[in-house]
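A short reminder: the numbers here are calculations on the coordinates, not readings from a lab. Since this is a predicted model, take the numbers as computed values, not measurements. When we count neighbours, we look across all protein chains shown, and the Cβ atoms used for this are built from the backbone with ideal geometry, even at glycine.
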Amino acid sequence: MYQKILVPYDGSAHAQRALEHATAFAAAQQAAVEIVYVDPTSSELLEQPLMIPTHELEAYFAEEEAQVRRNLRALTASLPDAGIQILQGHAGQEIVKYAAESKADLIIIGNRGLGTLSEWVLGSVSHYVSQHAGCPVMIVK
């Protein structure tokens with residue numbers, strides 16, 4: 001029934017549980033798993049006036065992305081076919097957009113993450129995704 005399962009991951013305990021559920025669910029469905037990490041840092045930084053040289057920012061973002069990729073590869077060692085996608089921007093919007101572009105059949109997401117205070121005030125990422133995704137969303141507690 002499901003061929004491609006998207007799992008947003010931010011390092012939180014809820015995201016880890018969602019990944020564990022997705023791994024088991026994907027095995028039962030013989031589905032592919034793709035882990036999506038959305039880095040809000042660049043979008044938050046670029047919304048502010050900065051006095052940091054562009055090349056220093058680019059180096060920072062490149063190193064941060066490399067570290068995230070290493071961490072995600074370690075997490076998916078038991079899933080040799082798992083894809084890893086790193087996006088920039090606001091988590092909910094980027095997850096929904098990527099799910100549509102990649103034709104995900106299902107999103108499995110933790111109910112809470114490492115969000116900022118603004119996400120708590122405006123609504124969580126999992127709530128946004130469940131309201132805007134064009135495919136089914138499983139929220140894991």
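Taking amide hydrogens as modeled 1.01 Å from N in the peptide plane, which residues meet the under 5 Å criterion relative to Ser124, leaving out close sequence neighbours?
Answer set, sorted by chain and number: none.
How do Ile139, Ile107, Ile5 line up, fewest other C-beta atoms within 10 Å first?
In order of increasing Cβ crowding within 10 Å: Ile139, Ile5, Ile107.
Please list, in chain and number order, the residues 5+ apart from Leu87 or on another chain whose amide H is under 5 Å from its amide H, with Hs placed from the backbone.
Tyr37, Val38, Asp39
Label point 7 Å out from Ala13 along Cα-to-Cβ: which residues of segment 62-84 have amide N under 20 Å?
75
Taking H placed 1.01 Å from N in the peptide plane, check which residues at least 5 places from Leu106 or on another chain put their amide H under 5 Å from its amide H.
Answer set, sorted by chain and number: Lys4, Leu6.
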